[in-house]
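Here's the structure, in structure tokens; my notes come after.
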Amino acid sequence: MAAPIKHLEKLKPWREKDGLIKIEGWARDGLNDGEIAKNIGVSVRTYWLWKSKYPEIREAGSKVREIVDREIEHALYKGALGYEVEDIETTIEKLPDGETKTKVKKLKRWVPPSPPLVIFYLKNRKPNEWRDRLEFEMSGTVGLVQIIDDIPKKKIIEGEVVNEQSPTRSDKKLN
């Protein structure tokens with residue numbers, strides 16, 4: 001009976017706000033279930049059991065991962081196409097009377113597409129057209145096989161070589 005009580009004692013703080021925030025943070029940082037379970041101090045099986053029984057624990061990890069995945073996908077998309085950003089330039093000017101005048105200027109600048117992101121995107125979205133490795137399938141026979149097949153087998157066994165210029169016998173013998 002001690003094991004179930006210990007299990008419930010460990011569970012309680014992870015169902016509360018602070019525990020759920022920690023689980024969300026670990027999921028956002030990219031930790032998998034095994035790593036989260038290790039941080040909590042339980043086996044991955046126990047963590048999976050908690051996730052199946054307690055929706056708040058399940059949602060703490062899965063919702064955040066989905067959001068982060070979408071944010072990264074969006075950043076990849078923007079980086080592959082290029083995008084515009086707005087910078088704010090602040091200058092402080094001292095006037096002759098001792099007062100200061102603050103000027104805020106908004107500047108737009110273009111961030112060009114990132115070639116590595118374009119390549120990554122295309123290799124994953126259209127692998128048949130953009131992957132580095134091309135595969136070819138060949139069929140048929142290689143010419144050398146045909147030449148060997150044309151030499152009478154008796155002459156090969158006896159050690160005679162057929163002259164390359166004419167199909168007649170050569171004076172050379174194989175060693």
- request: Determine, yes or no, whether TYR77 is under 29 Å from the mean Cα position of the chain (by Cα), modelled with pLDDT of 90 or more, under 18 Å from ARG15 (Cβ atoms) and in a helix (DSSP H, G or I).
  value: no
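Per-residue answers, yes or no, for (1) without any contact (Cβ under 8 Å) to a residue 12 or more places away in the chain; (2) closer than 30 Å to VAL118 by Cα; (3) surrounded by 11 or more Cβ atoms within 10 Å (Cβ to Cβ):
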residue: ALA27; (1), (2), (3): no, yes, yes
residue: GLU56; (1), (2), (3): no, no, yes
residue: TYR83; (1), (2), (3): no, yes, yes
residue: GLU93; (1), (2), (3): yes, no, no
statement: Among TYR77, TYR54, TYR47, the single one that is among the aromatic types (Phe, Trp, Tyr), within 30 Å of TRP110 (Cα to Cα) and not assigned by TED's automatic domain parsing to the domain that holds LYS123 is TYR77
query: Can you tell me which of ILE88, ILE36 is surrounded by 11 or more Cβ atoms within 10 Å (Cβ to Cβ) and in contact (Cβ under 8 Å) with a residue 12 or more places away in the chain?
result: ILE36
- request: For VAL111, indicate whether it is farther than 24 Å from TRP130 by Cα, touching a Gly at 6+ places or on another chain (Cβ under 9 Å) and either surrounded by 10 or more Cβ atoms within 10 Å (Cβ to Cβ) or touching a residue at least 12 places away in the same chain (Cβ under 8 Å) (or both).
  value: yes
- prompt: Going by the conditions given, is THR168 more than 27 Å from ILE72 (Cβ to Cβ) and at pLDDT 85 or above?
  reply: no
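The values are calculated or read from the model by the stated rules, or taken from the named source; none is laboratory data. Because the structure is a prediction, the values reported are computed rather than measured. Heads up, the Cβs are rebuilt from the backbone with ideal geometry, glycines too, and the neighbour counts pull from every protein chain shown.
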